[in-house]
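Remarks on the structure that follows.
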Amino acid sequence: MTTKTSLLKVILLGDGGVGKSSIMNRYVTNKFDAHLFHTIGVEFLNKDLEVDGHQVTLQIWDTAGQERFRSLRTPFYRGSDCCLLTFSVDDNQSFLNLGNWKKEFIYYADVKEPEKFPFVVLGNKLDVTERQVSTEEAQQWCKENGDYPYYETSAKDSTNVAIAFEEAVRRVLAMDERTDHLIPTDTVKLHRKPRSAATCCS
Amino acid sequence: VSVMAEQSRRCSYFFLYDASKVTGESDPTRDGICYFYPEETPIDKQELLCGQLAGVGRCVSELSSSPVRFLRLHRNKYAIRMKDDFFWALGCSAEVPTISVCELLDQLINIFCFYNGSVRQSYQMNTRETLAARWARYLSNLQSASSELHHIFSSLKTIDSTNVDPLLLLKAALILQACQRCPLVLAGCVLFRGRVLSTQMSPQLTMKVMVHESETYTKSQRPNGPSSSSSLSAVSSTTVFLTLSELQYLQSPPVDKLSRSHSTPQKDAPPKKTRLSRTLSDMASTESDSSDPGPSQRISFSPWLSDSDNSSFSLAPPQIIADPQSPPPQSPVPPLSNGKNSREAEEALKDSFYQSFHSNGDGDGFIHNNGDSSVFEGNSHFSGGEGDGGTACGNVFDLQGAESHDDEAMVGDGGVGCGRAQGRHKAQQRDLAPCSGAFEYPGESPLVPMTLYLHRVKGLVLALLVEPHFLSDTASMEEVYHSSLASLNGLEAHLRTISSGAPGTPGPYIFAHFDCIQSTLTTNLSGGPGGALEHPFVRATSLLHLHFCNTETLQEAIIRSAGAAVYGTRSVAQETYFQQQGGSLRNSGIPNHQDSAFLLPSKARHRLLKHGVNLL
């Protein structure tokens, strides 16, 4: 079963300008463009990787952070396996909005058990010198909201970007294994991807 | 019903005849027939038609000493084109507006030249069978899929913008702009399921590009659906040939293009392709226009260019000096002299244009009538002169050398200098004197090889015209590929969900609105082979369109039968047709002031506002 490649959909959410597109581009194409335009609606890229012996294709969905693009982005939350809540360490407001982003995601993705859904929190723009959000504050928020893993990243200099995505994959895989054990075999989760379904049947 | 069936197959005959193959008395006519449609036509009949039309064509041309453009024979109309020994004829039923027949033939020849280069050379390098298959493909492509209304106006197939969030049109436009950050990319368009979403090119050029797109789409559909692999295999390319004027238009900066549509062209704008940086001011400007898929995409702000003439003038020198290909400046005030050169060059270009324009016998009146002097948009048709025109052309290209690395080749071609005018008004003008010829000939101007690059994501295609060496420039290829891939993926996902929307119900009225500048059609007709209700509207529209084309002063008209009345109105930039459905027409046979047909203009004005059509 481990040889089968599964498709995992992860989605980047967060305020406009925190660097969601840059994180995705850095991870997939290893490029950084300081002059990226606002994302309109959604965009995505695929990346194949291996985590702990599992071959996965990560489908990374990048979304528009601005409020006016809300109606364009929300239809694409469904079917996500993991949500990367992103803020910028030099923008306190983007940090304060994390809760709203989480709410919006749970509502539109129609998550059945929100407390179990794998979120990962990213504090981007680690390279800037004037921080507005301390590491401790961010860690505190993650702890209080569901014990989410927290990574401080820099899409500009590539710090922690790959590690964060790999952690996201691990969380999803761990979730799958847990549900495989817990859920009786006669239920089929329709939005789950091939790998888990195959494990179900074995 | 049989009339409809015949009309949906627009063209009843098409052939290309090469007179150079039939020189001696004993040479059979069939030797000269390069391609004949329908192919199943008996060879005797082919020979009869080719012989007669070619004979009449040559005879009339010699008598009138101007090429024949149009012939009528029995119940068919034939658009005629002649070049060297080649003779093209395309026949349609007499119902089709004359201008549509001529446009169809021009389109067909232009498409052939776009993908194959010069006709003579193509026939030297390929077998007749190979090229026959291509003519057949282009012809079937032109006749397929679009509605009768699209045929009448020869309009582009565009996405139904009522179903699409304007922000997605903006997204498409931004993808194109991002690609243009690579200097080897001239311009492009984004297509979805064979329809235009956004284009940076003229309607004529966009139409040509779409032919290839629809061919690759058909191919990709054949083997078990589109492949889902995200590799570079989604990318393809082919060689294409641009006319000199098309190339000049693409290489001129956006602001320059913009200024051409005003009555006072900005003469001092340096002929350099602007690199578009994506900034908030771009966003604001584009977004405000984004409900309108057309010119807003071409209009891009470049702060230093939009300044006054003086400041752009003073900014020009650094570019010229930085140009590695231009000789080091000799004069003590190099920037000025250089700048002046370019200005003089443009001046000369325009002068020579005016000369040739007047020598063609058209008065000033035409320019004024059209207001926006679209004649400039066509990039000066200079009369094959080795004099001023040729020199000027060389100069202009020299300055563009910084951007286009192929300048040597182009300077060479530039000397010949026979630009082909673009734009819709050309077509109208042609129709004013349909048989005058001389002004525009398909496939006449020198052709410059370029590359058409296609990146497909399922039903969505990014098509770019690029310099030929783009394909060997791995860094540029990757830059363009990676800068657009995520956005294309996303755009495709958006469009896939939207386009499933059911076509709107017909409602109490039918309308068709044709934008002559962008060559786009907006209508609430279903588009498929029309129902009984739609047919009178389509026929009336066809007839009114013909009248508008033939009578330049005609602005409004109502055409009616016992059961229906259709109102048509036009301006320089648009034509609109409107029919109120249902409700019996109060029609006594003699026009009176209570006749409900006279209410059509005001009804059209009110009803069409919500479709974004402003007739006020």
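Here, each number is a calculation from the coordinates, and none is a lab measurement. Small disclaimer: the values here were computed from a predicted structure and weren't measured.
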* Asked: Cα axis of helix A:135-146 to longest principal axis of chain A: angle in degrees, 0 to 90, nearest 10?
  -> 30
* Compute the long axis of helix A:98-109 from its Cα atoms, compare it with the longest principal axis of the Cα atoms of chain A, and write down the angle in degrees, 0 to 90, nearest 10. => 40
* Asked: region B:140-161 to region A:106-173: how many Å between their Cα centroids?
  -> 50
* To do: Kindly provide log₁₀ I(q)/I(0) values, in the same order as q = 0.12 Å⁻¹, from the Debye equation applied to equal alpha-carbon scatterers of region A:6-181.
  => -0.49
* Where does region B:13-148 land on Rg(C-alpha)/(2.2 N^0.38 Å)? -> 1.01
* Before anything else, pin down the relative contact order of chain A: Cα pairs under 8 Å, at least 6 apart, normalised by residue count, whole percent. => 24
* Asked: Which residue, A:SER21, A:SER71, A:SER80, tops the fluctuation ranking in a GNM of chain A built on C-alpha contacts under 10 Å?
  -> A:SER71
